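**Student:** One structure follows; several queries about it will come next.
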Amino acid sequence: MTMQPISCHGCGREVLVEKFSAAHTSIQWPFDARECPFIAARENAGSGAGFGANTHGCEQLLRTIDQAFAEQSLTESGIELPVGQNVPRLH
């Protein structure tokens with residue numbers, strides 16, 4: 001599976017998303033995340049968390065992703081983990 005485009009219901013900007021499980025989501029921002037009006041507003045309000053803490057969390061985008069996953073328009077990617085002798089070993 002590859003990353004899938006999702007348009008945020010809050011601002012309409014498109015990001016690329018890959019969902020590995022209900023708890024694991026990878027988001028690729030094809031623009032500077034600070035351009036998101038919701039992240040920018042939180043940053044400008046002086047949340048104190050700093051930009052690094054905000055990059056994961058446009059609440060509008062996260063709700064959009066959760067809704068797409070629940071509606072199955074965003075499908076879960078399968079992860080094949082190595083087994084047996086293919087498992088990397090530390091020496």
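**Student:** Rank Gln60, His9, Ile39 by how far each Cα sits towards the positive end of the charge dipole of the chain (+1 on Lys, Arg Cβ; -1 on Asp, Glu Cβ) and give me just the farthest.
**Tutor:** Ile39
**Student:** Hey, another quick one. Suppose all protein chains stay in the model; what accessible area per residue would a 1.4 Å probe give for the chain, in Å²?
**Tutor:** Per residue, the chain has 68 Å² of solvent-accessible surface.
**Student:** On the accessible surface of the chain, probed at 1.4 Å, how many percent belong to carbon and sulfur atoms? Kindly include the intermediate steps, with their values, before the conclusion.
**Tutor:** Details: 3230 of 6190 Å².
Exposed carbon and sulfur together represent 52 percent of the surface.
**Student:** Taking only C-alpha pairs under 8 Å that are 6+ residues apart, what is the relative contact order of the chain in percent?
**Tutor:** 29
**Student:** Charges only on Cβ, +1 for Lys and Arg, -1 for Asp and Glu: so what's the dipole of the chain about the Cα centre, in debye to the nearest 20?
**Tutor:** Rounded to the nearest 20 debye, it is 180 debye.
**Student:** Can you pull the percent of Cα pairs in the chain with separation above 21 Å? It would help to have the intermediate numbers written out before the result.
**Tutor:** Numbers: 1721 of 4095 pairs.
Cα-Cα pairs of the chain separated by over 21 Å account for 42 percent.
The values are calculated or read from the model by the stated rules, or taken from the named source; none is laboratory data. Since the structure is predicted, the reported quantities are computational estimates derived from the model, not experimental observations. Glycine also receives a Cβ, built like all others from the backbone with ideal geometry; neighbour counts cover every protein chain displayed. Note: accessible area is taken over every heavy atom of the protein model, side chains too, but ligands, DNA and RNA are not part of it. Shrake-Rupley method; radii C 1.70, N 1.55, O 1.52, S 1.80 Å.
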